[in-house]
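Q: Pasting a structure here, questions to come.
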Amino acid sequence: MAGPAYKRILLKLSGEALEGDGEAGCIDFDALGAVCDEVAEAHRLGVEIGLVVGGGNIYRGGKKLEDGVDKPTGDYMGMLATVINALAIQACLEKRNVATRVMTAIAMRPVAEPYIRRRATRHLEKGRVVIFGAGTGNPFFTTDTAAALRANEIGADVLMKATKVDGVYDEDPVVNKAAKRYETVDYNTVLAKDLKVMDATAISLCREHRLPILVFNLTRRGNILRALRGESIGTIVKGE
């Protein structure tokens, strides 16, 4: 390979990706280790890596009022769950001799640095993987939106959205086996057809700044490296 296809990436992981085949509400360190192996290999290629992780394996925010948790409180609980996941990723990467920093949108100095954009980009330039925790720091915004925001702030070349499916389809492939997978699709089509790539706020933010989104299947090992080699995997969401 002449060189990686991207110099700087933002990798978005769901909290569920850390569950593996285990039960909900946990971190499967075998599954996490497999992801970190690929991230470590990408790092060795010289790619600058930012990472946003969800918290759905521990707690999904926005519970209904009748459940006893109002949405803002639930969202904050979900943000704290992302920090637990971020620390787990940090520990796994550093066991693989990858220098990391965890930065959070909610200050918690004993365990992480507060998020400062210039400091984050400096860490990336020094070859550290930066793991962004606590979402945007605000309720009513998803970690998809946090990923789009951080990707644009750090000047990423691509936002890599890791999922359990191999791209974006015109219909739900679980419901309709004849659903068509897009190799490329534009932002407006995603929004107009509500294709569930990411939430509308995240898509709109990427559209405004023309940041491409690669949606790919994380469960197929090696896909992160395939994408960095420029191989055609998943679906690219970009402008017309």
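Q: Test each condition in (1) in a strand (DSSP E or B); (2) in contact with a Cys (Cβ under 6 Å, 6 or more places away or on another chain) for LEU93 and report the one that comes out false.
A: Just one mismatch for LEU93, condition (1).
Q: Report the residue count in the range 159-180 for those that are of a type in the set (Lys, Arg), out of contact with any helix residue (DSSP H, G or I) (no Cβ under 8 Å at 6 or more places or on another chain) and surrounded by 15 or more Cβ atoms within 10 Å (Cβ to Cβ).
A: Residues in the range 159-180 being of a type in the set (Lys, Arg), out of contact with any helix residue (DSSP H, G or I) (no Cβ under 8 Å at 6 or more places or on another chain) and surrounded by 15 or more Cβ atoms within 10 Å (Cβ to Cβ): 0 in total.
Q: Right, next: Any residue in the range 140-160 that's free of Cβ contacts under 8 Å to residues at least 60 places away in the same chain and over 21 Å from GLY55 (Cα atoms): show its pairings with residues that are of a type in the set (Gly, Ala, Ser) and surrounded by 21 or more Cβ atoms within 10 Å (Cβ to Cβ) at Cβ separation under 7 Å, as long as the two are six or more apart or on different chains.
A: Matching pairs, first to second residue: none at all.
Q: Which count do you get for residues in the range 181-194 that are closer than 20 Å to ASN217 by Cβ and either small (Gly, Ala, Ser) or in contact with a helix residue (DSSP H, G or I) (Cβ under 7 Å, 6 or more places away or on another chain) (or both)?
A: Counting residues in the range 181-194 that are closer than 20 Å to ASN217 by Cβ and either small (Gly, Ala, Ser) or in contact with a helix residue (DSSP H, G or I) (Cβ under 7 Å, 6 or more places away or on another chain) (or both) gives 1.
Q: Then there is this: Residue by residue through the range 161-180, note down the ones that are without any contact (Cβ under 8 Å) to a residue 60 or more places away in the chain and either of a type in the set (A, V, I, L, M) or not in a loop (DSSP other than H, G, I, E, B) (or both). Quick ask: steps written out before the conclusion?
A: Applying the first criterion (without any contact (Cβ under 8 Å) to a residue 60 or more places away in the chain) to the range 161-180 yields 165, 169-180.
VAL165, TYR169, VAL174, VAL175, ALA178, ALA179, listed by residue number.
Q: Still on this structure, I have one more. ASP75 versus (1) more than 15 Å from the chain's Cα centre (by Cα); (2) within 15 Å of THR143 (Cβ to Cβ); (3) not in a helix (DSSP H, G or I): which is the lone unmet condition?
A: (3)
None of the figures in this text is laboratory data; all of them are computed from the coordinates on show. These figures come from a predicted structure and were not determined experimentally. Note that we place each Cβ from the backbone using ideal geometry, even for glycine, and neighbour counts take in every protein chain shown.
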